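For reference, the structure discussed in these notes is given below.
The values are calculated or read from the model by the stated rules, or taken from the named source; none is laboratory data. Being a predicted model, the structure only gives us computed values, none of them experimental. Cβ atoms come from the backbone with ideal geometry, glycine included; neighbour counts cover every protein chain shown. Ligands, DNA and RNA are stripped out before the accessible areas are found, and what is left, the full protein with its side chains, is counted by its heavy atoms. Shrake-Rupley method; radii C 1.70, N 1.55, O 1.52, S 1.80 Å.
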Amino acid sequence: MTRSFAIILFGVLAAQAQDANIHTLTGRVLDPEGAGAPGAVVRLHARTQDLMRSVTSAADGTYRFERLPAGEYLVEARTAGLDQVNPVLARVPMADALDLRLEVERLTTQVQITASATPLFADEAAKAMDVFDAEALERRAEITLSEALRVAPGLRVQQLGGPGSFVRILTRGLRAYDTSLTIDGMRFRDAGAVQADAAAFLGDLLLVNSDRVEVLRGTGSSLYGSNALGGVINMVTDQGGGRLRGEISGEGGGLGLGRGLARVSGGLRENAVQYSAGLAHLNVNGGVDGIETVRNTGLQGFAQWRPTASTSLSARVLGNLSTIGVNSNPMAAPLANLPPGNGQVRAIPLPLDQVRRLEQGLPAEWGNATFAPHLWDPDSRREGMFRSTMLAWTQQLAPRASYRVAYHNLRSERDNRNGPAGAGFQSGFNNSNLFEGQYDTLQARVDVALARTNLLSIGYEWEAEEYVNHATDENPALASRVNARTGVRQRSHALYVQDQMRFFGDRLLVNLSGRWQGFQLDRPTFSGGAPRYEGVALSAPPAAYTGDASLAYMFPTTGTKLRAHIGNGYRAPALYERFGTSFFFGAFSAFGDPRLASERTLAFDFGLDQYLSNNRLRLGATYFYTRLQSIIGFSSLSNDPFGRWGGYVNTGGGLARGVEITSEARPSRTLLVQGSYVYTNAIERRPILLDGNVRTIRVLPHAVTLVATQQITRRWQVTADFLGGSSYLSGTFFVGGGTRPYLFDGPRKLDTALSYTLPVRDEMSLRFFLRAENVLNQRYYEDGFRTPRLWATAGMKLSF
């Protein structure tokens, strides 16, 4: 810690000499008639360093950025309506004011960061990207990250129940743990999870204080490390700035749902200090068919201090506490109800009245049903907590050189509690299975513009990872009572480099990047039973190497962009996969293998984006291909050096390929329409289902999305979004000696949001909104879990 303060102090003193060269950027946000547009959020992104500032335009449309060091910046402005400003390049110092004009008929783009970890114009991005900003998510009245991503092309969002339930996100036909989640570019993972991914907490992530959510489709391991084999989801925190502003909102209605949110943001001393904070609470009392309970509280905040124009010290926190009722898994019908053999089973649910009989321990009349949806378990719950904190120091050494040092601490806990109540097999007494995880990450990066068209980034990353599993029960026989603990630690070092080059008047963009990561293991500790892995020599696991190349070429006269992206990805073995155990009959049964190598993939995609009709229509097409060269799977074993009867091994994977078609249109000033069609063909190298089918489970072969927003008047606005998918295979049901494939109908889900904004006085308004989900009232199942039919909420938001 002393060294950190010394670095900061040295940076502040070294930057004092540069403060004589600070500058101001001013201008106006204008509507088409040239009048000022008040209330627009103007954002400024530094081209060569991690600097983003925002202000709000005044009543006459003016905006002002103070204390800017010389350099290149990308400037954009957003409003609550459909009229936006295309990002522009500003070279500071500027002799004249920079006016930003709202586009009222044509499509606009946004600055993107996740594709290269540095700001880019959308037309410069050579990778498949989507951006969902706070304004667009508010128009859709979304409250959780999972629902925000449901209409993203290439993403399969599977929620096992109502709001707050467990969520999986599959990108381009890959597994749920092949998509990396980052918060402000820092990895968010659960070290206590089997695959050390974020899936256990995806359903808990509320939209509290996010500026936008960016989605990268395609491998991102060379920049973001482990788990980014299929893509990256980056939640970007609102950094505040500008005048004091905030909101208080609440809503309630169907499913027994109630939600409250409070946010505040602003800046002090000419934005030398910027801040933002949000607090939200979600309560679900009943949920689907009255058997779901959710208590979820989220906090997200950011603060930045700029002691000089060229330096900044930033802090960010994201926290969550949740308690979720966990119901019993769906079950297959008796064998007499299933087709003979091991072939596919058409998923036909047991009627609800018969499900209630099963929950009461009574026999059910199965009729032609082939499965029973999830059953109520009154004493099963999951208590969860995570806390992500980041501290970052950034300094611009020269107009074309900067560095950034960041520390990230991520702590997570999941306590799965159960008891004797409930249908099916239950423990005879209360028990607890607590998983604790922690990551400490230190990251340093230098960005140097070797020329105006060449940005080189070099970084180092150190990470410490810890996993603890503590299992206890309340067995009345004290001699048999369980109190077992497993603890494992791992450290890693990584080096990465990226070079972004632009040629031919910025028409050609080339991006090259690479990464190396090495690992060091500590010896695991066990208590409460006979230990495992005793006497095992712990040699360093194999290192992981990744490379990535992408390019884009623009034809300005025709509005065409060609792009291609190729790279290999990796996923480092989780600590559970290296040393995971199960406590049974007074001893630990080993599942892990400390010698495991990282999973490896090879992926590429290519496509084009085309503007038509004077930039009122944008079409895109992408072909993607991903091969899982080596994965970590669970397999039966014999003559294992660790005495395992079954466990995790390196084995061959499968492949996924397909096509993404996207569109965006603005037929009129008051209407914006976005849509996509995705075809995915994902197969396994070896069958995991009894019928020998190699088709990957849970993947929708065909998926269609549509989002439309209509500005009815200046005060009335309506948005509708639709997701439709074809039938998919589920691998949930164990029948006889293996997993029987069940064929489920895909979703047909239409949501709508209607709002009315009432101005109260200058810079204060009331917004009334109505949100209806599953308007088509379809009953569909996700891996046998019931999902909500038509339900709605109403609410109000006070903005100031």
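Can you report the number of residues in the range 307-365 which are small (Gly, Ala, Ser), over 20 Å from residue 732 (Cα atoms) and more than 34 Å from the chain's Cα centre (by Cα)?
2
What are the pairs with Cβ atoms under 9 angstrom where one residue, in the range 461-475, is more than 30 Å from residue 444 (Cβ to Cβ) and the other, located anywhere, is β-branched (Val, Ile, Thr) and assigned to a strand (DSSP E or B)? Sequence gap at least six, or different chains.
469/486; 469/488; 469/581; 470/486; 471/486
Condition check ((1) under 30 Å from residue 604 (Cα atoms); (2) modelled with pLDDT under 90) across all residues:
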position	(1), (2)
638	no, yes
649	yes, no
664	yes, no
675	yes, no
680	yes, no
700	yes, no
704	yes, no
710	no, no
715	no, no
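Table: residues versus (1) open to solvent by 50 Å² or more (accessible area, probe 1.4 Å); (2) in contact with a strand residue (DSSP E or B) (Cβ under 7 Å, 6 or more places away or on another chain); (3) within 27 Å of residue 221 (Cβ to Cβ); (4) at pLDDT 90 or above.
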residue	(1), (2), (3), (4)
462	yes, yes, yes, yes
466	yes, yes, yes, yes
470	yes, yes, no, yes
476	yes, no, no, yes
479	yes, no, no, no
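Report yes if some residue within the range 63-72 is touching a strand residue (DSSP E or B) at 6+ places or on another chain (Cβ under 9 Å), farther than 12 Å from residue 100 by Cβ, modelled with pLDDT under 90 and open to solvent by 50 Å² or more (accessible area, probe 1.4 Å); otherwise report no.
For the range 63-72, residues touching a strand residue (DSSP E or B) at 6+ places or on another chain (Cβ under 9 Å), farther than 12 Å from residue 100 by Cβ, modelled with pLDDT under 90 and open to solvent by 50 Å² or more (accessible area, probe 1.4 Å): absent.
Checking residue 537 against (1) part of a loop (DSSP other than H, G, I, E, B); (2) without any contact (Cβ under 8 Å) to a residue 60 or more places away in the chain; (3) open to solvent by less than 60 Å² (accessible area, probe 1.4 Å); (4) among the aliphatic types (A, V, I, L, M), only one condition comes out false. Which one?
So the condition that residue 537 fails would be (3).
Here's the yes/no breakdown for (1) touching an Asp or Glu at 6+ places or on another chain (Cβ under 6 Å); (2) among the polar types (S, T, N, Q); (3) surrounded by 16 or more Cβ atoms within 10 Å (Cβ to Cβ):
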{"residue": "655", "(1), (2), (3)": "no, no, yes"}
{"residue": "670", "(1), (2), (3)": "no, yes, yes"}
{"residue": "683", "(1), (2), (3)": "no, no, no"}
{"residue": "687", "(1), (2), (3)": "no, no, no"}
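Taking the condition under 20 Å from residue 770 (Cα atoms), buried (at least 24 other Cβ atoms within 10 Å of the Cβ), out of contact with any His (no Cβ under 6 Å at 6 or more places or on another chain) and not acidic (Asp, Glu), does residue 231 pass?
The answer is no for residue 231.
Could you tell me which residue of the range 764-800 is modelled with the lowest pLDDT, considering only residues that are basic (Lys, Arg) and over 17 Å from residue 150 (Cα atoms)?
Filtering the range 764-800 for residues that are basic (Lys, Arg) and over 17 Å from residue 150 (Cα atoms), the one modelled with the lowest pLDDT comes out as 779.
Against the conditions (1) at positive phi; (2) crowded, with 17+ Cβ neighbours inside 10 Å, where does residue 253 fall short? Just the number, please.
Condition not satisfied by residue 253: (2).
Conditions tested, residue by residue: (1) out of contact with any helix residue (DSSP H, G or I) (no Cβ under 6 Å at 6 or more places or on another chain); (2) part of a strand (DSSP E or B); (3) touching a residue at least 24 places away in the same chain (Cβ under 8 Å).
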site	(1), (2), (3)
43	yes, yes, yes
60	yes, no, yes
73	yes, yes, yes
88	yes, yes, no
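Name every residue in the range 372-408 that is closer than 30 Å to residue 443 by Cβ, open to solvent by 20 Å² or more (accessible area, probe 1.4 Å) and within 25 Å of the chain's Cα centre (by Cα), in order of residue number.
Listed by number, the residues that qualify are 385, 387, 389, 391, 404, 405, 407.
Checking the structure you have, find out if any residue of the range 547-556 is out of contact with any strand residue (DSSP E or B) (no Cβ under 7 Å at 6 or more places or on another chain), over 30 Å from residue 431 (Cα atoms), among the hydrophobic types (A, V, I, L, M, F, W, C) and not in a helix (DSSP H, G or I).
Taking every residue of the range 547-556 in turn, at least one turns out to be out of contact with any strand residue (DSSP E or B) (no Cβ under 7 Å at 6 or more places or on another chain), over 30 Å from residue 431 (Cα atoms), among the hydrophobic types (A, V, I, L, M, F, W, C) and not in a helix (DSSP H, G or I).
Residue by residue through the range 309-355, note down the ones that are buried (at least 20 other Cβ atoms within 10 Å of the Cβ) and either without any contact (Cβ under 8 Å) to a residue 24 or more places away in the chain or closer than 19 Å to residue 240 by Cβ (or both).
Correct list: 309, 311, 312, 314, 316, 318, 350, 355.
For the range 419-445, enumerate the residues that are of a type outside the set (A, V, I, L, M, F, W, C), without any contact (Cβ under 8 Å) to a residue 60 or more places away in the chain, open to solvent by 40 Å² or more (accessible area, probe 1.4 Å) and outside any loop (DSSP other than H, G, I, E, B).
431, 433
Take the range 158-175 and flag every residue that is open to solvent by 20 Å² or more (accessible area, probe 1.4 Å) and within 18 Å of residue 214 (Cα to Cα).
Of everything in the range 158-175, just one residue is open to solvent by 20 Å² or more (accessible area, probe 1.4 Å) and within 18 Å of residue 214 (Cα to Cα), namely 168.
Take the range 766-800 and flag every residue that is free of Cβ contacts under 8 Å to residues at least 40 places away in the same chain, assigned to a strand (DSSP E or B) and open to solvent by 50 Å² or more (accessible area, probe 1.4 Å).
768, 770
Going through the range 114-132 one residue at a time, which ones are open to solvent by less than 10 Å² (accessible area, probe 1.4 Å) and under 15 Å from the mean Cα position of the chain (by Cα)?
Answer for the range 114-132, where residues must be open to solvent by less than 10 Å² (accessible area, probe 1.4 Å) and under 15 Å from the mean Cα position of the chain (by Cα): 114, 115.
Which of the residues that make up the range 381-401 are under 29 Å from residue 411 (Cβ atoms) and among the charged types (D, E, K, R)?
Scanning the range 381-401 gives 381, 382, 383, 387.
So, in the range 734-763, how many residues would count as being assigned to a loop (DSSP other than H, G, I, E, B), more than 29 Å from residue 687 (Cα to Cα) and at pLDDT 95 or above?
Count: 0.
Can you pull out the residues in the range 557-573 that are part of a strand (DSSP E or B), in contact with a Ser or Thr (Cβ under 6 Å, 6 or more places away or on another chain) and not aromatic (Phe, Trp, Tyr)?
Matches in the range 557-573: 565, 567, 568, 569, 571.
Restricting attention to the range 508-527, which residues are open to solvent by 50 Å² or more (accessible area, probe 1.4 Å), in contact with a strand residue (DSSP E or B) (Cβ under 8 Å, 6 or more places away or on another chain) and not β-branched (Val, Ile, Thr)?
512, 516, 520, 527
Considering only residues that are open to solvent by less than 20 Å² (accessible area, probe 1.4 Å) and within 26 Å of the chain's Cα centre (by Cα), which ones fall in the range 750-765?
Matches in the range 750-765: 751, 753.
What's the total number of residues in the range 262-283 that are farther than 24 Å from residue 311 by Cβ and open to solvent by 20 Å² or more (accessible area, probe 1.4 Å)?
Here the count works out to 6.
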